[in-house]
């Protein structure tokens, strides 16, 4: 497992992560990119536990996602199966597990204040924390994608599954976008990556 992790997480985090994963019945798998999630945790029918994390994540997002899923495992182990998946028990467990990693040996200095703020009350997905998600994306490999907030008003764009939208006005935190084929309105987070279309 250590050899696999070296490819995906910051070097200074490896020994601490190995300690957290030192459970006989916990298995971690690295998966191809899934558009709807960065990772997941589940208890298998045979009583073992499995964590999966997407292989395309940068080192920092991979680490946060891995600890997020380990926190599910630990929270269910410590508090039982009836707790809410992202309830108070999970939040406290996630905070406790992440704390040793939030330092300049593991994360770049520019991420530390955003991580400190995020982990005061961690959400079900770090993508809902717009500032942190945008900062983490700066460490992704370059691509031809544009963030929704950078798309000019009324311009058309395509999302990962080929559906085409026109950008509308911003509500409180999300943008109203109309799907051209159906004329239905959908809300998009500001940090969603899309492909601009040539007019």
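The values are calculated or read from the model by the stated rules, or taken from the named source; none is laboratory data. Please read these numbers as outputs of a predicted model, since none were measured by experiment. No Cβ is skipped: glycine too gets one built from the backbone with ideal geometry, and neighbour counts run over all protein chains shown.
Taking interchain pairs and intrachain pairs at least six residues apart, which have beta carbon atoms under 7 angstrom, with the first residue in segment 91-103 and not assigned by TED's automatic domain parsing to the domain that holds residue 16 and the second part of a helix (DSSP H, G or I) and surrounded by 15 or more Cβ atoms within 10 Å (Cβ to Cβ)? Cβ pairs passing all conditions: none.
Residue-wise test of (1) within 15 Å of the chain's Cα centre (by Cα); (2) assigned to a helix (DSSP H, G or I); (3) surrounded by fewer than 19 Cβ atoms within 10 Å (Cβ to Cβ).
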| residue | (1), (2), (3) |
| --- | --- |
| 60 | yes, yes, no |
| 63 | yes, yes, no |
| 69 | yes, yes, no |
| 73 | no, yes, no |
| 83 | no, no, yes |
| 86 | yes, no, yes |
| 98 | yes, yes, no |
